[in-house]
Amino acid sequence: MINLNYKSVSFSQNGTNLLGPIDLEINLRGITNVLGYNGAGKSLFLELCHALIMPQSGQIKWDGQPASTTRASRGYIFQHRITLRRSVKSNIALPMQAASWPKNTIETRLDELLNMAKLTSKANEPASTLSGGEAQRMALVRALATHPKLVIMDEPTSSLDPNATTEFENLIKKIAFSGVKFLWATHNITQAKQFADDVIFIASGKVAEYSPADIFFVTPKTLIAQQYIKGL
């Protein structure tokens, strides 16, 4: 398991409190879905835990170490795809190059990742020519390139069509089975019911509930979670 600890964490912007205070300690044991209405603070929660932004108060730690010093142990997929102006192969190689991996090791790992994402035939094509589903699979294997323990994903399928979503989900299943943990924000309750081991439910910038998925979806504790599950 991987331990994530939020201790009195708050984030404000222009004098407005957007998230927190949050006190939360969880052990990620598989796939943890972050749920909540639009604007609830799901993306902020993820950005803070990966130290993409820093809280105005409080501390966030992974396995007892500051989030800012442990980023190399995690991968991250943004809601809006980031595609660099280079080939598919070069996009995926970037994290390994940044980590100063030997060239031959990079090439071996690239072959594995391209095959995993079903992009081997497009390895040398500009990444900008990929379809939405292909680009998101590229982003996923890029996040996995340096063998992270956990991948954080912010609404990764929100802009994909049903077929591309299914293909992305199937890839997630294989990766999760291999032991990689996921912290995954989604607006899709059906998707969360299918994949989540645990659920963090965020409402109005606070963690309203954290529980195993089979409990959350059957007996949510708060009224707002009950309404969310019913689609109200």
Worksheet, complete the sentence: For Arg71 and His147, extending 7 Å from Cα along the Cα-Cβ vector and measuring point to point gives, in nm, a value of 2.2 nm
Discussion item. Based on Cα coordinates alone, diagonalise the gyration tensor for the range 1-98, multiply each eigenvalue by 5, take square roots, and list the semi-axes in whole Å, largest first.
Written reply: 26, 17, 14
Worksheet entry | Per-residue ³J(HN,Hα) for the range 177-192, Karplus 6.51 cos²θ - 1.76 cosθ + 1.60, θ = phi - 60°, Hz, x for Gly and Pro | 4, 6, x, 6, 8, 10, 10, 10, 7, 8, 9, 9, 5, 4, 4, 4
Item to complete: Determine the shape class of the range 185-232: with a ≥ b ≥ c the square roots of the Cα gyration tensor eigenvalues, call it rounded for a/c under 1.5, and otherwise prolate if a/b is greater than b/c, oblate otherwise.
Response: rounded
Worksheet item: Which number comes out as Rg/Rh for the range 56-150 once both Rg and the Kirkwood Rh are worked out on C-alpha atoms?
Response: 1.03
Discussion item. So if I restrict to the alpha-carbon atoms in the chain, what is the Rg, and what is Dmax, the biggest pairwise distance, in Å?
Written reply: 17.9, 55
Response to the item:
Phi-derived 3J(HN,Hα) across the range 61-77 with the Karplus relation (6.51, -1.76, 1.60, θ = phi - 60°), rounded Hz, x for Gly and Pro, is 10, 10, 6, x, 10, x, 4, 5, 9, 10, 4, 5, 8, 10, x, 9, 10
Worksheet, complete the sentence: Amide H proximity to Ser12 below 5 Å, modelled H, separation 5+ or other chain, gives Leu18, Gln56
Worksheet item: Can you give the net charge of the other residues whose Cβ lies under 15 Å from the Cβ of Gln227, counting K and R as +1 and D and E as -1?
Response: +1
Worksheet entry | Listed residue pairs exceeding 26 Å between alpha carbons, taken from Lys61/Lys181; Lys89/Lys181; Lys173/Lys221; Lys42/Lys221; Lys7/Lys149 | Lys173/Lys221
Discussion item. Per 0.36 nm of contour for each residue apart, how much would the distance between Ala123 and Lys173 grow if the chain were fully extended, relative to their Cα-Cα spacing?
Written reply: 15.7 nm
Item to complete: Quickly work out the Thr105-to-Leu52 label distance, labels modelled 7 Å from Cα along the C-beta direction, and quote it in nm with one decimal.
Response: 2.7 nm
Worksheet item: Beyond 27 Å, what share of the Cα-Cα pairs of the range 95-232 remains, rounded to the nearest whole percent?
Response: 31 percent
Discussion item. Can you tell me what share of the DSSP beta bridges in the chain is antiparallel? A percent to the nearest 5 is fine.
Written reply: 60 percent
Response to the item:
Over the chain, the sum of -39500 (n - 2.57) across DSSP H runs of at least four, divided by residue number and rounded to 500 deg cm²/dmol, gives at 222 nm -10500 deg cm²/dmol
Fill in: Per-pair calculated FRET efficiency, R0 = 25 Å: Gln191 and Asn17 via Cβ, rounded to 0.05
0.25
Practice prompt. Project the alpha carbons of the range 134-201 onto their principal axes and report the range along each, largest first, in whole Å.
Written response: 30, 27, 18
Item to complete: Can you tell me the 0 to 90 degree angle between the C-alpha axis of helix 88-98 and the longest principal axis of the chain, rounded to 10?
Response: 70 degrees
Worksheet, complete the sentence: Going residue by residue through the range 29-44, the Karplus relation 6.51 cos²θ - 1.76 cosθ + 1.60 with θ = phi - 60° gives ³J(HN,Hα) values, rounded to whole Hz and with x marking Gly or Pro, of 10, x, 10, 10, 8, 9, 10, x, 5, 4, x, 6, x, 4, 5, 4
Worksheet item: Taking the mean number of other Cβ atoms within 10 Å as a proxy for protection, how do you rank 119-126, 11-18 from highest to lowest?
Response: 119-126, 11-18
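Rule-based calculations on the coordinates, nothing more; no lab input. Because the structure is a prediction, the values reported are computed rather than measured. Neighbour counts are summed over all protein chains in view; Cβ atoms, including those assigned to glycine, are modelled from backbone coordinates with ideal geometry.
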